[in-house]
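Student: Shown below is the structure under consideration.
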Amino acid sequence: MSLDYDALVVGAGFGGIHQTYKLRELGLSVKTIDVAGDVGGTWFWNRYPGAMSDTHSPAYRFTFDLDDLKTYPWEHNYVKQPEVLAYLRHVVERHNLRQHFQFNTELLSATYAPETRTWTSVLSTGETLTTRYLVLALGLLSKTHWPSIPGLDTFKGTLVHSSRWPEGLDLNGKRVGVIGNGSTGVQIITDLAPKVASLVSYQRTPQHSVPTGYAPFTPAEREALNANWDAQIARVRESVSGFGFEEATTRWVDTPEAEREAVFERTWRLGNGFQFLFGAFADVATDRGANDAAAAFVVKKIGQLVKDPEKTRKLTPSGGYNRRPLCDSGYYESFNRPNVDVELLTENPIDAVTPKGIRTKDGREREFDAIICATGFDAVEGNFLRVQIKGASETLAEHWGRVGVTSYAGIAAAGFPNLFLVLGPAGPFVNLPAAIEAQSDFIADLIAKTEAGGARRVVEVREEAEREWAKVCERIGGGSIFRDTASWIFGSNIEGKKDAVRFYFAGLGAYRKALEEERARGYEAFRIAAVEGVEAR
Ligand code: FAD
Ligand code: NA7
């Protein structure tokens with residue numbers, strides 16, 4: 001049996017790039033494939049107008065190259081899609097990684113052969129690759145979700161999904177319908193509102209959104225950051241959110257009523273949805289009263305920002321501040337424009353998409369040149385289930401059907417030797433480049449241990465460790481106030497998908513500590529065995 005490479009990495013976003021870098025550093029031969037035409041992952045695909053990180057610029061990048069952190073330029077406190085894409089391409093060039101990548105290549109299936117302890121992967125190009133390791137960095141917000149709306153395929157104008165935005169699509173002066181108002185819809189609506197002839201937001205659930213606080217990142221700020229990268233990196237790694245802003249330590253419940261409003265106001269002015277969740281008070285994410293107070297504050301702001309009472313009514317959310325936090329650069333204000341309107345689908349649902357536009361239950365057909373579906377993703381396991389991954393005795397789909405959609409730390413599944421996931425289910429719900437680095441470093445360290453001594457060995461997480469991790473996630477996530485609301489975080493945005501805890505909600509600091517403790521215990525959650533004669537470690 002001859003090996004094509006030591007490792008196959010699938011995915012060329014933040015995760016795949018980091019793994020390629022790390023595995024090559026270990027001296028392994030690596031091939032990295034992506035169905036996309038270049039590196040970038042999320043930022044290759046999501047080229048819609050207004051696409052921007054909602055993590056601040058200093059924390060939306062890798063930390064392994066201090067020189068690059070000090071010298072690579074960025075202009076603002078957030079990075080827009082072209083900037084993130086350019087940055088990731090830069091990292092690939094700077095570290096001479098491009099030679100490992102092969103694009104326009106999809107992984108169709110991968111099968112583990114217990115006799116040879118190898119993975120055989122079938123690719124869309126007709127190639128078959130045999131490797132010792134397989135790393136799946138397929139992205140957790142990557143499998144496009146199209147809504148099932150009658151007549152959608154009959155529309156004669158431009159129909160586009162936000163995550164498959166065609167290069168050069170110009171909607172200036174056009175009549176546009178936008179279905180969906182999550183993070184993506186909010187960015188699109190805000191960006192397009194002043195440019196298009198008309199825009200109608202078809203909104204199923206009104207959202208709480210706070211300002212981004214988008215602003216230049218000044219030379220003085222950069223200088224200060226450059227003098228203190230160690231502190232910045234430590235702050236990110238030890239925090240709950242991994243965003244790098246200062247997280248609150250004072251609780252809303254302990255704050256005199258007269259002072260609470262001022263704290264929310266100050267945090268609102270700073271901007272950023274995650275900062276509003278973790279930067280105002282320490283208990284907004286955990287205490288019902290604090291969370292409701294945060295939600296009420298945003299509702300008050302909506303009342304002030306939107307002039308038309310009917311639009312205000314439609315845009316006003318109910319419930320807590322407990323969905324994926326959103327931020328915007330003038331979203332609510334967009335609805336003050338005469339060319340921008342909103343339909344509330346819970347009271348006036350879409351009846352059908354017609355060849356000319358969208359007809360709602362009230363019989364009104366609005367005509368559009370373009371319909372944008374900003375309807376999100378089959379998140380977390382979506383891409384992992386799109387391909388058939390067959391382990392020692394069962395497929396990943398069978399495994400998750402049996403034990404639930406989970407994995408050890410979002411990294412490894414029992415019964416899948418030498419297979420690693422980056423951002424698999426049950427990983428931390430935080431700023432994702434920071435999560436990716438924690439996972440990718442851990443995977444590389446574990447592979448290094450497996451490889452140590454030169455013997456051919458194989459590594460696999462123990463099923464009890466995977467189950468134990470799942471229980472921890474369930475215990476923390478099950479009782480959280482985020483559980484009260486439907487969203488992709490729990491899988492409830494996709495019809496027929498099981499609503500379940502899919503993340504580790506204890507924060508990045510706790511997550512990193514758990515991985516560190518596992519390292520210190522000598523990776524006892526894993527079984528490392530010699531390839532010849534299955535000797536237990
Ligand atoms: P991705 O970037 O999704 O890359 C996965 C890659 O795998 C894709 O290129 C895909 O084509 C490829 N792939 C999948 N299946 C296959 C297959 N079978 N064969 C070959 N290739 C395959 N996170 C934050 O923390 N902060 C933010 O501000 C933020 N903003 C976001 C904004 C948008 C619009 C979106 C959609 C997501 C955002 N995210 C954000 C989440 C974002 O996905 C992560 O931050 C990060 O980019 C994930 O990197 P990744 O490498 O894990 O996955
Ligand atoms: P999201 O957050 O899943 O938002 C999708 C939006 O689309 C949301 O408003 C949905 O309404 C709406 N939706 C989905 N299906 C339908 C149908 N059938 N009809 C009407 N409206 C629908 O995806 P995003 O792309 O905005 O953001 C995902 C993540 O990517 C985000 O957290 C960032 O990290 C980047 P709902 O709220 O479910 O009622």
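The values are calculated or read from the model by the stated rules, or taken from the named source; none is laboratory data. What you are looking at is a predicted structure, and each value in this text was computed from that prediction instead of being measured. Cβ coordinates were reconstructed from backbone atoms using ideal geometry, including for glycine residues, and neighbour counts include every protein chain displayed. Quick note on the areas: whole protein, heavy atoms, side chains included, nothing else; ligands and nucleic acids left out. Shrake-Rupley method; radii C 1.70, N 1.55, O 1.52, S 1.80 Å.
Student: To the nearest 10 degrees, how steep is helix 432-451 against the longest Cα principal axis of the chain, on a 0 to 90 scale?
Tutor: 10 degrees
Student: Something else: By a straight-distance test (C-alpha under 15 Å), which aspartates and glutamates pair with LYS70 as possible cross-link partners, with residues fewer than eight away in the same chain excluded?
Tutor: GLU221, GLU223, ASP230
Student: Is there a quick way to get the dipole size of the stretch 241-296? I mean about its Cα centre, with the Cβ of Lys and Arg at +1 and of Asp and Glu at -1; what is the value in debye to the nearest 20?
Tutor: 160 debye
Student: Cross-link candidates for LYS307: which aspartates and glutamates have Cα within less than 19 Å, leaving aside residues fewer than 8 places away along the same chain?
Tutor: Partners found: ASP328, GLU333, ASP341, GLU343.
Student: Sorted from largest to smallest, which semi-axis lengths in Å does the alpha carbon gyration tensor of the chain give for its equivalent ellipsoid, taking the root of 5 times each eigenvalue?
Tutor: Semi-axes (√(5λ), whole Å): 39, 27, 23.
Student: Further, regarding this structure: Round to the nearest 10 and report in Å² the accessible area of SER393, as given by a 1.4 Å probe over the protein chains' heavy atoms.
Tutor: My reading of the accessible area for SER393 is about 90 Å².
Student: Just the number please: accessible area per residue for the chain, 1.4 Å probe, all protein chains included, in Å².
Tutor: Per residue, the chain has an accessible area of 40 Å².
Student: Right, next: When only the heavy atoms of the protein chains count and the probe is 1.4 Å, how do VAL122, VAL380 rank by accessible area, highest first?
Tutor: If we order VAL122, VAL380 from most to least accessible, we get VAL122, VAL380.
Student: Any of LYS143/LYS513; LYS31/LYS449; LYS80/LYS195 with alpha carbons more than 25 Å apart? Name them for me.
Tutor: LYS143/LYS513
Student: At 1.4 Å probe size, with no ligands or nucleic acids counted, give the accessible surface of TRP488 in Å², nearest ten.
Tutor: Using a 1.4 Å probe on the heavy atoms, I get roughly 50 Å².
Student: Ok, one more. Given a 1.4 Å probe and heavy atoms of the protein chains only, how would you sort THR184, THR360, largest accessible area at the top?
Tutor: Accessible-area ranking of THR184, THR360, largest first: THR184, THR360.
Student: Using heavy-atom solvent-accessible surface (probe 1.4 Å) with all chains present, what is the largest-first order of ASP254, ASP54?
Tutor: ASP254, ASP54
Student: Mean 1/r over all different Cα pairs, inverted: what Kirkwood radius does the stretch 242-301 give, in Å?
Tutor: Kirkwood hydrodynamic radius for the stretch 242-301: 11.3 Å.
Student: Two decimals, Cα atoms only, Kirkwood Rh: what is Rg/Rh over the stretch 402-537?
Tutor: That ratio equals 1.01.
Student: Using +1 at the Cβ of each Lys and Arg and -1 at the Cβ of each Asp and Glu in the chain, identify which of VAL30, GLY168, VAL298 lies farthest towards the dipole's positive end.
Tutor: GLY168
Student: For the stretch 163-216, with only Lys/Arg (+1) and Asp/Glu (-1) charged at the beta-carbon, what is the dipole magnitude about the Cα centre, in debye rounded to 20?
Tutor: It works out to roughly 180 debye.
Student: With every protein chain in place, what's the accessible area of PHE64 (1.4 Å probe, Å², nearest 10)?
Tutor: For PHE64, the solvent-accessible surface is approximately 60 Å².
Student: I've got another one for you. Let me have the 222 nm mean residue ellipticity of the chain computed from DSSP H runs of 4+ only, each contributing -39500 (n - 2.57), with the sum over all residues rounded to the nearest 500.
Tutor: Mean residue ellipticity at 222 nm (helix-derived): -9500 deg cm²/dmol.
Student: On to the next question. On C-alpha positions alone, give me the angle between the axis of helix 257-270 and the longest principal axis of the chain, in degrees, nearest 10.
Tutor: Tilt relative to the chain: about 70 degrees.
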